[in-house]
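Trainee: Take a look at the following structure, please.
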Amino acid sequence: MNVKEEWDNQWKGKVETYNRHHQKIWDYLNCLDAFKGNVVDLGCGPCVIYQDKQVSLIGVDWSVEGLYQARLHYPNGVYIEADAVNTGLPTGQFDSVVAFGLLDLFEDWTPIVKEAGRLLKDGGKFFATLLDGYNKHKWKNYKHITSNWHLVVFDKNGNQLNCSL
């Protein structure tokens with residue numbers, strides 16, 4: 001079984017539910033204007049965080065099952081099956097790129113940060129949440145959003161920005 005099939009199996013039959021962590025992450029990122037304008041969610045999975053919200057969203061995931069769940073949770077989005085490092089989306093057209101837990105899956109973030117930068121308009125930002133301890137990563141230098149989640153923000157050029165709560 002390849003990695004793509006593993007993700008399809010992970011999402012198959014799984015029904016995510018909106019919880020307080022989703023709301024806290026939403027509230028914080030919303031204060032940073034992460035969801036204003038045109039937004040791309042890399043590795044969007046089931047899109048539970050957008051449930052009952054209004055966002056101009058393009059969700060990108062390589063899991064057919066994840067995209068199926070996304071359409072159930074946020075039917076207003078546009079979804080494409082693609083790799084997060086090569087989305088095929090147009091350059092410089094998006095106000096924000098978000099990734100919830102995606103960076104945790106990669107040892108080298110460079111290709112994802114580059115793709116996010118390519119997608120962003122001038123002045124746009126890439127917002128990524130990180131789960132402490134996942135895949136042996138340690139994110140102790142980042143401010144807490146909620147529980148063991150952290151936030152890192154990059155500008156269009158891939159420079160990490162300071163972000164305070």
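Trainee: Might you check whether a residue that is touching a helix residue (DSSP H, G or I) at 6+ places or on another chain (Cβ under 9 Å), assigned to a loop (DSSP other than H, G, I, E, B) and at pLDDT below 85 occurs anywhere in the range 73-81?
Mentor: Checked the range 73-81: no residue is touching a helix residue (DSSP H, G or I) at 6+ places or on another chain (Cβ under 9 Å), assigned to a loop (DSSP other than H, G, I, E, B) and at pLDDT below 85.
Trainee: Looking only at the range 64-92, count how many residues are farther than 16 Å from C47 by Cα and either exposed (fewer than 14 other Cβ atoms within 10 Å of the Cβ) or free of Cβ contacts under 8 Å to residues at least 24 places away in the same chain (or both).
Mentor: 6
Trainee: So the check is Cβ under 6 Å with 6+ separation or different chains; which pairs have a first residue in the range 30-48 that's within 24 Å of E65 (Cα to Cα) and in contact (Cβ under 8 Å) with a residue 24 or more places away in the chain and a second one that's aromatic (F, W, Y) and surrounded by fewer than 21 Cβ atoms within 10 Å (Cβ to Cβ)?
Mentor: V48/Y18
Trainee: Run down K156, K114, K136, K143 and say which single residue is more than 22 Å from N2 (Cβ to Cβ), modelled with pLDDT of 90 or more, surrounded by fewer than 21 Cβ atoms within 10 Å (Cβ to Cβ) and more than 14 Å from the chain's Cα centre (by Cα).
Mentor: Sole residue among the options that is more than 22 Å from N2 (Cβ to Cβ), modelled with pLDDT of 90 or more, surrounded by fewer than 21 Cβ atoms within 10 Å (Cβ to Cβ) and more than 14 Å from the chain's Cα centre (by Cα): K114.
Trainee: Something else: Residue by residue through the range 88-133, note down the ones that are of a type in the set (D, E) and over 18 Å from I25 (Cα atoms).
Mentor: Result: D95, E107, D108, E115, D122.
Trainee: Here is a follow-up. Considering each of G43, G37 in turn, give the residue that is on the phi > 0 side of the Ramachandran plot, surrounded by fewer than 21 Cβ atoms within 10 Å (Cβ to Cβ) and of a type outside the set (D, E).
Mentor: G37
The values are calculated or read from the model by the stated rules, or taken from the named source; none is laboratory data. As the structure is a computational prediction, the values presented were derived from the model and not from experiment. No Cβ is skipped: glycine too gets one built from the backbone with ideal geometry, and neighbour counts run over all protein chains shown.
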